[in-house]
Every structure is written in C-alpha cells, then in structure tokens.
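The structure appears below as structure tokens.
The values are calculated or read from the model by the stated rules, or taken from the named source; none is laboratory data. These numbers come from a predicted model, not from an experiment. Here the Cβ positions follow ideal geometry from the backbone for every residue, glycine too, while neighbour counts run over all protein chains shown.
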Amino acid sequence: MCGRGGEGMSRGTVCVGGRSVIADRAAQWIRQYFDAEANRAAAVAAKGRPYAFPAYDRMNTGSGPNELNDGDLLAPVLLNVAPKLHAVLNLQAVRPDMEAVLAAIPPRLTLQDAVASGVHTEPLRRIGELLDDPALLRGVGGTILMKIMHRKRPLFLPLYDTQVYACYCGPGAQYPIRKSPQRTWAEFFPLLGDAMARDLDGQPHTWKALVSWAPDDVSVLRVLDVVAWNLGSRRGMHTPEPIDLSDAPEQ
C-alpha cells in the first residue's frame, strides 16, 4: 500500500499512478537528477551521462510566459526527444493555438487547484485536440507537445512520455486509467491531469518532502515526472529495487 500524508520519508511509499517506490529511493532519484554541478561535470566527462537539469528547466529563449518562439519549440531536444523538421514546421503552424491555451491558464494556477475547481479539463482538452487531427501536427505526439508546453506552465501542465503512460495506464485495478485504443488525446490529457492531482493531494507531506530535494524553482509536477520516469522504465515492478542511475539514459 502507498504511504499517505504523515508517514515519514524513511517508512513511506510514494505512488505514481499504479506504481510505487520507497520514498527514500525516490528522494535519491530527485537529488541525482537535479544536481546541476554533477550534471555539468558529466557533460564534459568522457562517456558522461548528464541529466537535463538545469538545461531544460532554465533554458532562456527570450520569450514571454504566453509566447512560444522557435527556441521553445526545440526544448524537447534537452529531454532527449528531437522533433524532426516536418514536426517543427507543423508546430510553427499551430503556434497561435498553443499560445492561446497558455493565455487561458493563469501562471500561478496549480494542477491540484484546477482539478479541485474543475477548470483543468478545458485547457488539457484543447491541447489534446491539436494532436487528434493527424494532418495538423504530423510528426508530433504527446511527448513532444507536453515537453514544449510544460516549461510555460510548470505548475499546471504535466510532462508526458511512455514512462508516464506506463505508470498511469494499465489493466490492473491499481492503475487509474484503463488502456483504450479508442481514447483520443483530448479525452486522455484531462484524465491524466486528474490522476496526477489525486496522487499529489493523497500524499501531500510525502511530495512536499520530495520537492524539498529539488531547487526552489522546480515544480512538483517536474519532480513527479522524474519519479515517473524511473518507475515507468522499470516495467512490471511496482516497488523497484535500488538501481545505479549512472547507467540510466538521460531524459
């Protein structure tokens, strides 16, 4: 069972969707991922494998909070996902639609507050609709799109990739979202946001403790993504054994 609320970090378990890990192990993942000095050292070392912080999180493209310039569209590269040329051209074409979604989201609105008040569905649905038209964003999937959008609303918009999917979608009762090949992106993203908010609200003290291991400008959704990235990579394991992150691929 997942730890809840007041459980100490040494005894608690943190849940991400249908998977879980001892909170101390999750804290280790977070400390390693957000160690900027170690990441810079790894970048210059032979066969170094740096993580994406601070390159992705503090990337300065010169754009405003509601703007997406060409540099912003290339941000997924820093998370090891490189959009191809046709994907970038298609992203440029729908840039006004992406910026309109950002403009409708208050910068300080958290995903948890949005879910509690029921206002999370519309912006997440609008993002999904961009992906549901195959002619509109050819070459772009949920991973690329959310890695672009998250930087502009890190308190509200979650990151997404196959590891996140592995944590939240599955056949067992412990998974909050059942797999469905008929489900559209516009239907999926609100479900994902709701499930993430439930995880955060269900273990507030645990997540507060985990976030304390990251720099102050890092959001809880970014921290959740790091935990999900590790858990989702360990397919079929709900309580992973300690792993050596020095051999893990960069995110």
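Okay, here's what the table says:
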| item | result |
| --- | --- |
| Matching entry among Gly64, Gly71 (being among the small types (Gly, Ala, Ser), exposed (fewer than 13 other Cβ atoms within 10 Å of the Cβ) and not in a loop (DSSP other than H, G, I, E, B)) | Gly71 |
| Long-range neighbours under 8 Å by Cβ, at least six apart or interchain, first residue at positive phi within region 117-143, second exposed (fewer than 14 other Cβ atoms within 10 Å of the Cβ) | Gly139/Lys84; Gly139/His86 |
| Filter result (under 30 Å from His205 (Cβ atoms), surrounded by 14 or more Cβ atoms within 10 Å (Cβ to Cβ) and not hydroxyl-bearing (Ser, Thr, Tyr)) within region 32-51 | Gln32, Phe34, Asp35, Ala36, Ala38, Asn39 |
| Qualifying residue in region 167-182 (condition: assigned to a helix (DSSP H, G or I), among the aromatic types (Phe, Trp, Tyr) and at pLDDT 95 or above) | yes |
| Asp113 among the charged types (D, E, K, R) and either closer than 30 Å to Pro171 by Cβ or assigned to a helix (DSSP H, G or I) (or both) | yes |
| Residue list for region 195-224, restricted to those being assigned to a helix (DSSP H, G or I), out of contact with any strand residue (DSSP E or B) (no Cβ under 9 Å at 6 or more places or on another chain) and closer than 20 Å to Arg151 by Cα | Ala197, Leu200, Val211, Val220, Leu221, Arg222, Val223 |
| Number of positions in region 74-89 that are surrounded by 15 or more Cβ atoms within 10 Å (Cβ to Cβ), free of Cβ contacts under 8 Å to residues at least 40 places away in the same chain and part of a helix (DSSP H, G or I) | 3 |
| Close pairs from region 149-162: first farther than 18 Å from Gln112 by Cβ and touching a residue at least 40 places away in the same chain (Cβ under 8 Å), partner part of a loop (DSSP other than H, G, I, E, B) and polar (S, T, N, Q), Cβ under 8 Å, at least 6 apart | Lys152/Asn66 |
| Residues of region 199-209 that turn out to be surrounded by fewer than 18 Cβ atoms within 10 Å (Cβ to Cβ) and in contact (Cβ under 8 Å) with a residue 60 or more places away in the chain, as a count | 4 |
| Any hit, region 169-183, residues being within 24 Å of Phe34 (Cβ to Cβ), touching a residue at least 24 places away in the same chain (Cβ under 8 Å), crowded, with 17+ Cβ neighbours inside 10 Å and not β-branched (Val, Ile, Thr) | no |
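Every residue, every condition in (1) of a type in the set (Lys, Arg); (2) under 17 Å from Cys15 (Cα atoms); (3) modelled with pLDDT of 95 or more, yes or no:
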position: Val101; (1), (2), (3): no, no, yes
position: Gln112; (1), (2), (3): no, yes, yes
position: Arg126; (1), (2), (3): yes, no, yes
position: Leu131; (1), (2), (3): no, no, yes
position: Ile144; (1), (2), (3): no, no, yes
position: Lys152; (1), (2), (3): yes, no, yes
position: Leu157; (1), (2), (3): no, no, yes
position: Val164; (1), (2), (3): no, yes, yes
position: Gly202; (1), (2), (3): no, yes, yes
